Amino acid sequence: MSVCALRLWRRDQARFWCALGMLLLLLVPSLGWAAKCPNVQIVLDRSFSMVSTVSGGASRWDIAKQSINSAVALADPVRLAKIGLQTFPAAACDSALQVRPDYGTKSAIETKLSALSPAGSTPSGTAIRDTVALTELKDATRKQYIVLLTDGVPACSGEPDSAAGTVGEIKKGRMSSPSIGTFVVGVGDGFSASDMSTLGLMADAGGYADPTPLRYYPGKTASELYTSMLRIMQTIQTENSGCSDVVPADMAMPPMDLSVPPMDLHMPPMDLYMPPSTDLSVPPMDLTMTTMDLYMPPSTDLSVTTMDLTMTTMDLAVPPADLTMATMDLSGVATDMAIPSGSDAGVVSKLFVEWISPREIEQGKSGPAVVRGTGFAVVAPGASVYLEGSSGLHALANVLVEDEKTIKVFVPADLAVGSYDVVVKNPDGAIARLAAGFAVTAVGSGGCSCDVTGGRSVSPSSLWCGLLALVLTLRRVRSAQRVRVGRAG
């Protein structure tokens, strides 16, 4: 073989191994090697403008704290992600690391937020730069996210705390290794056109813009802000579906000594010897029976006299009775079930389901949801929540009854496509139902596309797609190799 032919052969071999490597990328996720769960660092604006009120009378700061605590309380028990907290400013144009991203940070985040209050300017760019530099967000085995909650345009003394500087810091985080995506949430209402444009640019730079004309996630009211936080958590959970970590030390069981000491099963020999003189014979028993005399003389009269079984006719007729009843007055004075003032209790509320948010989810995905209504049993064991559809009744796990009007749940990923009633049941047997309140939608069909991200499953169709691509590549390489070798020879 000539030198030219040898070089061509080596190049074709390199293409072969490249194609084989691509196939392995398809196969690795299908083998169930799940990635670790992500880091999520919440970055909260505590500038003085956060004291402004929103619809309902609460301040922007209050609804931001409430939505963060509620979202973390829902995600923390199911270990959806390692969650931390960063706030800005700390004293001037800076930020403060309050809680490092980790599991079980719900109480720590609540404590930190309760001790803070709005003050200072809005050094958003500095806060993003400091967050991107966190050691935890350099972990290449996890996906990394920032959730930025702010009530306006970045502003402080110099760069990077301008609109352009903050957009630049968000882009740097996204382009870093590992990539850090940023969700942008606008807290409050009354934004100017310029403010909305800046928030939209920040959202675009983070790579996780809301698919609406705003592009940032809205939070004009407490309810809207909490819904936006739920949608963000659901997006993160969907992208990291099936993620898992080694069981942490606080959940592990100490080693138990299950060894059993050896038992002495030795038995001394038993002396079963009997002398030959022993008489084991049994005397015969007389089992004969004497004959019984069953003879009866022929004069015995065994006949039975005829019995008179006739019955006299009974008069079963019943005189006509007046069964009519006087009309009863069932109207009554409305009962006042309110507890008198000064009592420890409140008003007895009827069990009722008003709404669930979100109202639908794509098949195969899971995530948190909130059920609102009245009369939910709070005291343990508390109310239970079910989704009932054509496939049967499905009990929802991780049910957290926050108060008599709010229940937080986690929707599983194994529900069939269709409409579901939302059913709430109290321990006393009371049941309320929201007919067709929730829906599981079908997954959109795609062509021959293969997902090679870590920890995510690959469908059989995607696997066959990869195999077909490999076979075609190998045939093409082999054919080109023969032609080139023939020419070189």
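Bear in mind these aren't lab numbers, they're just calculated from the coordinates by the rules spelled out. Keep in mind that this is a model prediction, so the values were computed, not measured. Methodologically, a virtual Cβ is constructed for each residue, glycine included, from the backbone with ideal geometry; neighbour enumeration extends over all protein chains shown.
A few points about this structure:
- Gyration tensor verdict on region 39-239 (Cα atoms; rounded if a/c is under 1.5, prolate if a/b is larger than b/c, oblate otherwise): rounded
- Listed residue pairs exceeding 18 Å between alpha carbons, taken from Lys65/Lys106; Lys65/Lys138; Lys82/Lys138; Lys350/Lys425; Lys82/Lys365: Lys65/Lys138; Lys82/Lys365
- 3J(HN,Hα) couplings calculated from phi for region 180-188 with the Karplus curve 6.51 cos²θ - 1.76 cosθ + 1.60 (θ = phi - 60°) are, in sequence order, 10, x, 10, 9, 10, 10, x, 9, x Hz; Gly and Pro show x.
- ³J(HN,Hα) computed for each position of region 154-165 - Karplus, 6.51 cos²θ - 1.76 cosθ + 1.60, integer Hz, glycine/proline x: x, 6, 6, 7, x, 8, x, 8, 10, 4, 5, x
- Extension gain (nm, one decimal) between Lys350 and Asp62, 0.36 nm per residue minus Cα-Cα: 100.8 nm
- Karplus-derived 3J(HN,Hα), 6.51/-1.76/1.60, for each residue of region 361-370, Hz, glycine and proline x: 8, 6, 4, x, 10, 9, x, x, 8, 10
- Sorted ascending by nearby beta carbons within 10 Å, beginning with the fewest, Tyr386, Tyr145 become Tyr386, Tyr145.
- Protection-proxy order for peptides 69-75, 195-201, each taking the mean of Cβ atoms within 10 Å per residue, highest first: 69-75, 195-201
- For region 32-74: rounded, prolate or oblate by the Cα gyration tensor [a/c cutoff 1.5]: prolate
- Charge tally around Ser70: other residues with Cβ under 9 Å, Lys/Arg +1 each, Asp/Glu -1 each, net 0.
- Peptides ranked, highest mean first, by Cβ atoms within 10 Å: ranges 222-231, 372-381: 222-231, 372-381
- Estimated distance in nm for a label pair at Asp94 and Lys172, the labels positioned 7 Å out from Cα along Cα-to-Cβ: 1.8
- For region 55-164: rounded, prolate or oblate by the Cα gyration tensor [a/c cutoff 1.5]: oblate
- Cβ crowding within 10 Å averaged over residues, with 360-367, 51-58 ranked highest first: 360-367, 51-58
- For Ser95, distant residues with modelled amide H under 5 Å away: Ala90
- Long-range amide H partners of Val411 with built H, under 5 Å: Gly367, Ala369
- 5 angstrom amide H check on Lys143, placed H, neighbours 5+ away: Asn39
- Contour excess over end-to-end distance, with Cα ends at Leu116 and Glu404 and 0.36 nm allotted per residue: 100.9 nm
- Set of region 123-159 residues, backbone N closer than 18 Å to the point 7 Å along the Cα-Cβ line of Asp102: 134-139
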